[in-house]
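Encoded as structure tokens, the structure appears first; notes follow it.
The values are calculated or read from the model by the stated rules, or taken from the named source; none is laboratory data. Given the structure is predicted, the values throughout are model-derived calculations rather than measurements. As a convention, Cβ positions derive from the backbone with ideal geometry for all residues, glycine included, and neighbour counts pool all protein chains shown.
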Amino acid sequence: MGKLPNHILFPLYCVATFEIPYTMNKKIIYIFSALFFVAALSFTKPAERYFEIAKNLDIFATLFKEVNALYVDEVNPNKLVRTGIDAMLTSLDPYTNYIPEDEVEDFRTTNTGQYGGIGAITREIRNRTVVTMIMEGYGAQKGGLKIGDEIIKIDDIDLSKLTREESGQLMKGQVGTPVSLTIKRFGTEEVIKLAFKREKIKLNNVPYFGMVDHDIGYVRLTDFTPDAAKEVKNAMMVLKEQGARGLILDLRGNPGGLLIEAVNISNLFIQKGKLVVSTKGKIPENNLNYETLNVPVDTETPVSILINRGSASASEIVAGTLQDYDRAVVIGEKSYGKGLVQVSRPLSYNSQLKVTTAKYYTPTGRCIQVLDYTHRREDGSVGSLPDSLKKSFRTTNGRTVYDGGGIDPDIKTETPEAHVLTQVLFEKGFLFDFAAEYAFRHTEAVDARTFTLSNEEYQQFITWMKDKNYAYKSYLEYQMQQLSEEAKKEKYYSELKGQLDQISARIAESKKNELILYKDEIKMLLEEEIVSRYHLEKGSIESRFKYDEDVKKATAVLHDSTYYKKLLNIQ
């Protein structure tokens, strides 16, 4: 899927947690849920609870039989049970999930970063399946597929007749098998048919590393799948050879992954034999300490770690560990606050269970879990730990840090949220399509770091947008609508109507100029889209540097050794 840059966030960002409402029409689901939960406990509860387990399983079986036989409409047993399982697990936490057999392959891809395919990423844009990124070195690039191509058919199967999920499954397959794509390409009248052979695709944990200044290296880490530590280590070694005397480790938007990779990455910066993280659960076997086992790569070079509200789990372990040992300055927003550990367990019929088994703690003893799923409110909602209950801890150099709410950065920055207009232009693919036309007209590659749209070229974009349908309601318009509805309820509408109409008219008039008003953020995304056509993901990342205030702040901190030492309380 395509996405906005990590430093521009939609209001709903990263991990979306959700609650199941406690309504009467879900009584049956919750009965199923409770019984499934009891069944799960049969593996861990003592013998005296076996009777309760057996009794409730019997109730569940007879209830399900009666519902299946007597309910007024036909019921789908698989769907009904799946709903019950999902509702049950959701009542625990958002990370304990059931993975049926037909979803196991996607789950494995998430955990390993590997799948059989051609190395192309697609997205749905206005009923079109378009290629949004080509992975370097794989079949898609070698076979001539380009960003912006619209896929019409896969193996002569028309995608217009398939769902997004079905078309995605067609792209993937067993390594070594052939697959053909029929595509439309901007500027070419005839459709193009390309043939590929599926290969083992490995998603890089480090999609980019390079120098952001003459002596400052930058490493972008997006996942914690196998070999993440090796990729970071390789990047560090190369950057040191290129003259890096300071390092920026960018964990913004990184949702986490394998705990052991977080331990190994921390080990690159701190001495062997140091505690990185400890886990504590209900079962003694889950109470573990993870220490560094290897000789570090570098314990002296100054390090800045970038985090934001999308940095979670393993990202927080790395940031928290290096913060606890005063090994790095953490810059950005407060992190997500996921202090829970999951493991996967095989179930019958090739399905799996991903279940939360423990909480994790940083070297100082902090648990950074922000939401308390154990103590839900009466309506089923979940609250965060209040500030009054948060505990303070001391880092190696005596700095104060806190638990219960993510990792607090040493230097706080604010991440601007994209305006609704920018979101609409991105989601509806207008930025994507303009970039395709721009690249068609400008065949010579642009420089990823220095490319900017001129005022004349941005005006061309505004002209290009004139016949496009991108109607939307701004936040202010929603507030005006609510105000009008409240005025009608309170019988004031007739008195206020004239003033409300005047304000609404002024809002509508100002919207005509919003492409100019929000030029800076729209232009930034346009430039990123355009650069990606020539330099793929690496170019896309480099194009953000000139706008990235977090990177600029990190670079400045690493250049100022006195300030760096003061932040970490280094004597």
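One table, with the values for the structure above:
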item	result
One residue from Gly113, Gly148 being of a type in the set (Gly, Ala, Ser), crowded, with 16+ Cβ neighbours inside 10 Å, within 30 Å of Leu340 (Cα to Cα) and under 26 Å from the mean Cα position of the chain (by Cα)	Gly113
Complete set of residues in region 73-97 that are surrounded by fewer than 17 Cβ atoms within 10 Å (Cβ to Cβ) and acidic (Asp, Glu)	Asp73, Glu74, Asp86
Any hit, region 186-205, residues being in contact (Cβ under 8 Å) with a residue 60 or more places away in the chain, closer than 30 Å to Tyr547 by Cα, of a type in the set (Val, Ile, Thr) and touching a strand residue (DSSP E or B) at 6+ places or on another chain (Cβ under 9 Å)	no
Selection from region 447-472 of residues that are in contact (Cβ under 8 Å) with a residue 40 or more places away in the chain, under 29 Å from the mean Cα position of the chain (by Cα) and surrounded by 12 or more Cβ atoms within 10 Å (Cβ to Cβ)	Ala448, Arg449, Phe451, Thr452, Leu453, Tyr470, Tyr472
Members of region 202-227 that are among the acidic types (Asp, Glu) and closer than 14 Å to His559 by Cβ	Asp213, Asp215
The one condition in (1) of a type in the set (Gly, Ala, Ser); (2) in a loop (DSSP other than H, G, I, E, B); (3) surrounded by 18 or more Cβ atoms within 10 Å (Cβ to Cβ); (4) more than 22 Å from the chain's Cα centre (by Cα) that Gly398 fails to fulfil	(3)
Single condition Asn254 does not satisfy, out of (1) among the polar types (S, T, N, Q); (2) in contact with a helix residue (DSSP H, G or I) (Cβ under 7 Å, 6 or more places away or on another chain); (3) free of Cβ contacts under 8 Å to residues at least 40 places away in the same chain	(3)
Matching residues, region 406-428, being farther than 25 Å from Val557 by Cα and surrounded by fewer than 20 Cβ atoms within 10 Å (Cβ to Cβ)	His419, Val420, Leu421, Gln423, Val424, Glu427, Lys428
Members of region 505-544 found to be of a type in the set (D, E, K, R) and either over 22 Å from Lys428 (Cα atoms) or under 21 Å from the mean Cα position of the chain (by Cα) (or both), listed by number	Arg506, Glu509, Glu521, Glu528, Glu529, Glu537, Lys538, Glu542, Arg544
Pairs with Cβ under 7 Å, 6+ apart, first in region 342-353 and under 17 Å from Asp93 (Cα atoms), second small (Gly, Ala, Ser)	Gln352/Ser344; Leu353/Ser344
Scan of region 171-190 for residues that are over 10 Å from Glu150 (Cα atoms) and not in a strand (DSSP E or B), ordered by number	Met171, Lys172, Gly173, Gln174, Val175, Gly176, Thr177, Gly187, Thr188, Glu189, Glu190
Single residue of Val219, Val263 found to be part of a helix (DSSP H, G or I) and of a type in the set (Val, Ile, Thr)	Val263
Scan of region 301-354 for residues that are in a strand (DSSP E or B), of a type in the set (Val, Ile, Thr) and touching a Leu at 6+ places or on another chain (Cβ under 7 Å), ordered by number	Val303, Ile305, Ile307, Val329, Ile331, Val341
All positions within region 289-319 that are of a type outside the set (S, T, N, Q), out of contact with any Phe, Trp or Tyr (no Cβ under 7 Å at 6 or more places or on another chain) and free of Cβ contacts under 8 Å to residues at least 40 places away in the same chain	Tyr290, Glu291, Leu293, Val295, Glu300
Residue check for Ser532: at pLDDT below 95 and of a type in the set (Ser, Thr, Tyr)	no
Number of the exception - Phe269 against (1) on the phi < 0 side of the Ramachandran plot; (2) buried (at least 22 other Cβ atoms within 10 Å of the Cβ); (3) under 24 Å from the mean Cα position of the chain (by Cα)	(3)
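Rundown of residues vs (1) at pLDDT 95 or above; (2) buried (at least 22 other Cβ atoms within 10 Å of the Cβ); (3) among the charged types (D, E, K, R); (4) under 26 Å from Thr555 (Cβ atoms), yes/no style:
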{"site": "Leu258", "(1), (2), (3), (4)": "yes, no, no, no"}
{"site": "Tyr290", "(1), (2), (3), (4)": "yes, no, no, no"}
{"site": "Asn294", "(1), (2), (3), (4)": "yes, no, no, no"}
{"site": "Ser311", "(1), (2), (3), (4)": "yes, yes, no, yes"}
{"site": "Ile317", "(1), (2), (3), (4)": "yes, yes, no, yes"}
{"site": "Asp324", "(1), (2), (3), (4)": "yes, yes, yes, yes"}
